[in-house]
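The next block holds one structure in the form of structure tokens; read it before the comments.
The values are calculated or read from the model by the stated rules, or taken from the named source; none is laboratory data. Keep in mind that what you see is a predicted model, and the values were worked out from it rather than measured. For neighbour counting, all protein chains shown are included, and Cβ atoms are generated from backbone atoms with ideal geometry for every residue, glycine included. Areas reflect the complete protein model, heavy atoms only, side chains present, ligands, DNA and RNA absent. Shrake-Rupley method; radii C 1.70, N 1.55, O 1.52, S 1.80 Å.
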Amino acid sequence: MASFRKMPVLFMPLAAVLVFLFIGATDATCAAGYKDCDNNYKSNRCEVNILTDVKNCGNCGVKCPTYPYAVSACKAGKCVFTCKAGWKDCNNKWSDGCETDVGKDVHNCGGCGKQCKNVPYASAKCSNYKCMYTCHAGWKNCNNDWTDGCETDVGKDSNNCGGCGSKCNSLIPYASSKCSNCKCEYTCKAGWKDCNKDMKDGCETDVGKDVNNCGSCGSKCNALVPYTSAKCNNYKCEYTCKAGWKDCNKDMKDGCETDVGKDVNNCGSCGTKCNALVPYTSAKCNNYKCEYTCKSGWKDCNKDMKDGCETDVGKDINNCGSCGTKCNLDVPYAYTKCNNYKCEYTCKAGWKNCNNDMKDGCETDVGKDVNNCGSCGTKCNLNVPYASTKCNNHKCEYTCNAGWENCNNDMKDGCETDVGSDVNNCGGCGMKCKDVPYATAACSASKCEYTCEPGWANCNGDWEDGCETDISSDVNNCGDCANVCPEPKIWGGEAKCSDGTCEEKWCIKGWKYSDEKKCCVEDWWPFSSGDGDK
């Protein structure tokens, strides 16, 4: 002992460590921020960092919850939540997580509370975290200032007619200008017309003198009464017949009105009519002879004019739009028809052409496709908690995973209830485990289980009355069900159960055993049974 006291101070810490290693650490204390959560200190010491572990945050077993569109973390022993990119918790309620898409929400565009303004004659939307504005039909933002919105009525403004900066020309010859219905309109002055439909040279035609536009545009003197010598005088044509033309109505008010080289009622001569009864044809007179042309939508595909133009190319799938043009009858999941001279393909019930390519037909089964459920582009949510997703009969359906149910009838948080362990929803929603006497209820594997309190037992096997038997005093169930205390070996003796143990010192009824007397005494004896006068 004296030599130990003389040991140099330098070696004393080493000695303490050796003592610790040989004796063992019994009441170890974890370093700050760490815990022995598995109660196995000798094996792995203080294995959990409760400052950063999301499953043991701040203390053992404290798990950080998860929320929609949010990332959970444990910092300095507290659960903290961070919204995923493009999402914010604008209602300050973590129960629904980061509920707001600030990349699209016009009320929270780019951040919570950043609402897109209402500006005149424009509609607002949020795109890629910024407010965007689209002018209403007929209005434009010509001053590039959104504070007054789409301030310019391009349907009427002659300086911005149909578009910003598009000015109507006020210098058009022989015309006055205005903006109407987004277009510049020019009105010719009296006696003048824009016959070439080109306002660059204005109202260029004097219809009081022009034989090609006499009285109005296109009113050609020599076109109305072919083969005449004509002139325009004071807006009226004056005619003299030329060869090939006849005055068949015997009225020179319309001049030599009949071109007997073209008139089907006067073909070659006055009164000679072409046949108008050839099926689906129109007749004409050409070079003084009758000719027949198929009516619109009809063709002579069999090259036989005896039955006229027999083929309706507006509807015939074998001759759609023209003779010999056949529509494809083998487009997958589609009906084929010829409509208005074009082949049309209509998807069969339950199928859609979602890739807009008829080469593979109506390729998408919108009755089952989770990415196109009911219609193209309608995607079912594949991230509903504890649920599987499918498209059934054109609608998104969500089925809870085994052991989970949607007890709040709100699929926003999915199948939120673990019916395998929840005593209020054990085995199904609303199936609450009963409160029974002298027992504690628990839900395990979707079934209610009960554990008797100390000193009580369910000896009749019926949980309706709970743990009905007091096994601490019942002589027929002493310490355990059906453990019957033996009958006394003396006449008139009485069996007793005390604290779950059968007494073997029998006395007759009304007497008790006295340790002091080492015999049975009357029950008025002041000392309790078994205590004597200790």
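The length gained by stretching the chain between Thr293 and Lys447 to full extension, at 0.36 nm per residue less their Cα-Cα distance, is 46.7 nm.
For the set Lys242/Lys273; Lys231/Lys295; Lys193/Lys231; Lys303/Lys337; Lys262/Lys303; Lys130/Lys368, the pairs lying more than 29 angstrom apart at their alpha carbons are Lys231/Lys295; Lys130/Lys368. Rounded if a/c is under 1.5, else prolate if a/b beats b/c, else oblate: with a ≥ b ≥ c from the C-alpha gyration tensor eigenvalues square-rooted, which is the range 135-293? Oblate. Within the accessible area of the range 281-431, the carbon and sulfur atoms contribute 45%, probe 1.4 Å, all protein chains present. At the residue level, Leu171 shows approximately 140 square angstrom of accessible surface with a 1.4 angstrom probe and all protein chains present. Helical content alone sets the calculated 222 nm signal of the chain at -1000 deg cm²/dmol, taking -39,500 (n - 2.57) per DSSP H segment of four or more residues and averaging over every residue. Taking every DSSP beta bridge that has both ends in the chain, the antiparallel portion is near 100%.
The alpha carbon centroids of the range 288-346 and the range 162-195 are separated by 44 Å. Pairs with C-alpha atoms separated by more than 30 Å, drawn from the list Lys209/Lys253; Lys306/Lys348; Lys93/Lys117; Lys78/Lys432, are Lys306/Lys348; Lys78/Lys432.
Accessible surface for Tyr133 stands near 50 Å², nearest 10, in the context of the full protein assembly shown (1.4 Å probe). Of the labelled figures (i) 3, 13, 18, 19, 16, 12, 9, 6, 3, 1, 0, 0; (ii) 3, 7, 8, 10, 12, 11, 10, 8, 7, 5, 5, 4, 3, 3, 2, 1, 0; (iii) 3, 14, 19, 20, 21, 15, 6, 1, 0, only one reflects P(r) over Cα pairs in 10 Å bins from 0, in percent as derived from the coordinates, namely (ii). Looking at the chain, the accessible area is 65 square angstrom per residue; that uses a 1.4 Å probe and ignores ligands, DNA and RNA. The share of accessible area on the range 163-244 that comes from carbon and sulfur is 47 percent, using a 1.4 angstrom probe.
In this structure His394 has an accessible area near 80 Å², from a 1.4 Å probe over the protein heavy atoms. Looking at the calculated P(r) for the range 79-204, what percent of the C-alpha pair distances fall above 27 Å? The share of Cα pairs beyond 27 Å in the range 79-204 comes to 47 percent.
Computed from Cα positions, the angle between helix 12-23 and the longest principal axis of the chain comes to roughly 90 degrees. For the chain, the Cys residues with no second cysteine's beta carbon closer than 4.7 Å are Cys182, Cys519.
With a simple spin-label model that places each label point 7 Å from the Cα along the Cα-to-Cβ direction, the separation between Asn392 and Asn212 comes to 7.6 nm.
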